[in-house]
Amino acid sequence: MEIAKVVRSAGGIYITHMRSEADQLLESIDEVIRISRESGIPAEIYHLKASGLRNYAKGPQAIARINAARAEGLDVQADMYPYTAGATGLSSCLPPWSAADGKLFENLASKDVRAKMRAEMTVQTFEWENLCELATPQNVLISRLNSPTLARYGGMRLATIADSMKTDWIEAVMNLVLTEHNRVETTYFMMDEDNVRLNLRQPWMKIGTDAGGIDPTNFRGLVHPRALGTFPRILGHYVRDEQIMPLEEAVRKMTSATATRLSLHDRGLLKPGMYADVVIFDPRTIIDKATYEQPLQLSVGVRDVFVNGVAVLRGGVHTGAKPGQIVRGPGFGR
């Protein structure tokens with residue numbers, strides 16, 4: 001809260017990836033609301049969700065808590081991606097203390113420490129959230145593996161990998177992370193489609209990918225489909241096909257709502273004096289093609305894209321132009 005007060009003086013906002021998106025989701029939202037209330041600063045919750053089957057019922061409760069705070073006069077908002085799976089490292093299934101002081105791989109190589117880790121991973125705990133346990137091993141998709149001895153497991157579910165290794169999922173997780181010597185990119189299926197639709201309907205919700213951009217022509221392995229399909233999925237599936245919200249509202253949540261939230265007052269709208277960031281698409285045909293199993297498929301229905309007034313996509317083909325600029329918030333240089 002003290003840091004947020006300083007940010008307030010520079011015109012910024014409090015953006016948070018909350019402590020919990022699962023078992024302590026509601027408590028985490030309460031904390032965000034308290035920080036906003038006591039510091040006097042707007043709060044933005046990154047990719048709001050209720051993770052884990054046992055937490056699906058908390059989705060409407062989370063919305064109710066945020067709406068109550070807004071009714072109180074607090075500026076609490078959120079953003080999301082339109083999928084029922086998230087993605088992060090497989091190492092998120094390991095106790096947080098095991099990675100302290102950069103000793104994760106050293107700890108995984110120790111028989112005694114592994115035994116301690118295993119004991120903690122077998123018990124449901126509210127001290128930390130085991131994403132493998134929340135999703136269940138069958139709903140944990142390993143995106144890619146680089147080690148020659150493990151490459152064949154890339155694109156497979158954790159439960160299947162464990163069976164192939166003739167071990168359980170806990171041992172498989174520790175073996176994969178240790179051998180790869182990195183966090184191991186992983187997709188977790190653990191959200192509810194009804195909650196996705198409910199979130200999309202909220203007027204204070206904004207759309208984001210929560211993913212870096214990739215070039216599908218040279219990328220190897222799997223990646224979360226949100227990296228290639230987020231915005232066309234909103235416009236095609238949720239707007240045109242399911243009529244969750246009007247087209248204009250969806251566009252606002254992708255453009256001006258985001259720009260305004262980040263105090264980028266010269267972007268996000270089509271009007272004189274603004275940077276000309278323009279997307280021309282066909283609302284009748286736009287749709288995502290990327291799937292979890294085959295994510296490197298480009299969306300269709302986008303004809304032209306202009307960035308800062310320069311054409312970067314013409315007739316669906318990249319022009320090679322790279323006119324992007326760094327954008328900065330109101331606190332830059334203060």
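One residue is enough: does segment 73-93 have a residue meeting the conditions of a type in the set (Val, Ile, Thr) and touching a Ser or Thr at 6+ places or on another chain (Cβ under 6 Å)?
Our first condition is that a residue be of a type in the set (Val, Ile, Thr); within segment 73-93, this holds for 76, 84, 88.
Right, trim to touching a Ser or Thr at 6+ places or on another chain (Cβ under 6 Å) and you get 76.
Yes: segment 73-93 contains one or more residues that are of a type in the set (Val, Ile, Thr) and touching a Ser or Thr at 6+ places or on another chain (Cβ under 6 Å).
Could you check how many residues of segment 8-65 are in a helix (DSSP H, G or I) and hydroxyl-bearing (Ser, Thr, Tyr)? Don't jump to the end; show me each part of the working.
So in segment 8-65, the residues in a helix (DSSP H, G or I) come out as 8-9, 25-39, 53-55, 58-65.
Subset that is hydroxyl-bearing (Ser, Thr, Tyr): 9, 28, 36, 39.
Of the residues in segment 8-65, 4 are in a helix (DSSP H, G or I) and hydroxyl-bearing (Ser, Thr, Tyr).
What are the residue pairs meeting all of these: first residue in segment 228-247, first residue under 18 Å from Leu296 (Cα atoms), second residue of a type in the set (D, E, K, R), Cβ atoms under 6 Å, and 6 or more apart or on different chains?
Gly229/Asp288; Pro232/Asp288; Arg233/Asp288
Exactly one condition in (1) in contact (Cβ under 8 Å) with a residue 24 or more places away in the chain; (2) loosely packed, with under 15 Cβ neighbours inside 10 Å; (3) in a helix (DSSP H, G or I) is false for Val196; which is it?
With respect to (1) in contact (Cβ under 8 Å) with a residue 24 or more places away in the chain; (2) loosely packed, with under 15 Cβ neighbours inside 10 Å; (3) in a helix (DSSP H, G or I), Val196 is out only on (2).
Of the numbered conditions (1) surrounded by 15 or more Cβ atoms within 10 Å (Cβ to Cβ); (2) touching a residue at least 60 places away in the same chain (Cβ under 8 Å), Leu53 fails exactly one; give the number of that condition.
Here Leu53 clears every test but (1).
Looking only at segment 307-331, how many residues end up being part of a loop (DSSP other than H, G, I, E, B), within 19 Å of Ser263 (Cα to Cα) and in contact (Cβ under 8 Å) with a residue 12 or more places away in the chain? Walk me through it before giving the result.
Going residue by residue through segment 307-331, those that are part of a loop (DSSP other than H, G, I, E, B) are 308-309, 315-316, 319-331.
Still in the list and also within 19 Å of Ser263 (Cα to Cα): 308, 324-331.
Filter again for in contact (Cβ under 8 Å) with a residue 12 or more places away in the chain, leaving 308, 324-325, 327, 329-331.
Final tally of qualifying residues: 7.
Condition first: in contact with a strand residue (DSSP E or B) (Cβ under 6 Å, 6 or more places away or on another chain) and either within 30 Å of Gln202 (Cβ to Cβ) or assigned by TED's automatic domain parsing to the domain that holds Tyr292 (or both). Can you find one or more residues in segment 109-131 that meet it?
Yes - at least one qualifying residue is present in segment 109-131.
Please work out which one of (1) within 17 Å of the chain's Cα centre (by Cα); (2) buried (at least 19 other Cβ atoms within 10 Å of the Cβ); (3) not in a loop (DSSP other than H, G, I, E, B) is the condition Ala250 fails and give its number.
With respect to (1) within 17 Å of the chain's Cα centre (by Cα); (2) buried (at least 19 other Cβ atoms within 10 Å of the Cβ); (3) not in a loop (DSSP other than H, G, I, E, B), Ala250 is out only on (1).
Could we say that Gly333 is farther than 17 Å from Ile280 by Cα, at pLDDT below 95 and loosely packed, with under 13 Cβ neighbours inside 10 Å here? Even if it seems obvious, please write down each step before you answer.
Values: farther than 17 Å from Ile280 by Cα: yes; at pLDDT below 95: yes; loosely packed, with under 13 Cβ neighbours inside 10 Å: yes.
Yes, satisfied.
For segment 199-223, which residues satisfy the criterion of being within 27 Å of Arg284 (Cβ to Cβ), crowded, with 21+ Cβ neighbours inside 10 Å and out of contact with any Asp or Glu (no Cβ under 7 Å at 6 or more places or on another chain)?
Asn199
Identify the single condition in (1) within 24 Å of Tyr188 (Cα to Cα); (2) touching a residue at least 24 places away in the same chain (Cβ under 8 Å) that Gly11 does not satisfy, given that it satisfies every other one.
Answer for Gly11: the failing condition is (1).
State whether the residues of segment 195-210 include one that is hydroxyl-bearing (Ser, Thr, Tyr) and either at pLDDT 95 or above or in contact with a Pro (Cβ under 9 Å, 6 or more places away or on another chain) (or both). Quick ask: steps written out before the conclusion?
Within segment 195-210, the subset hydroxyl-bearing (Ser, Thr, Tyr) is 209.
Okay, now just the ones that are also either at pLDDT 95 or above or in contact with a Pro (Cβ under 9 Å, 6 or more places away or on another chain) (or both), so 209.
For segment 195-210, residues hydroxyl-bearing (Ser, Thr, Tyr) and either at pLDDT 95 or above or in contact with a Pro (Cβ under 9 Å, 6 or more places away or on another chain) (or both): present.
How many residues does segment 104-144 contain that are modelled with pLDDT of 95 or more, touching a Leu at 6+ places or on another chain (Cβ under 7 Å) and in a loop (DSSP other than H, G, I, E, B)?
Residues that pass the stated criteria total 1.
The values are calculated or read from the model by the stated rules, or taken from the named source; none is laboratory data. Everything numeric here is computed off the predicted structure, so don't read it as measured data. Ideal geometry is used to build each Cβ from the backbone, glycine not excepted, and the neighbour counts take in all protein chains shown.
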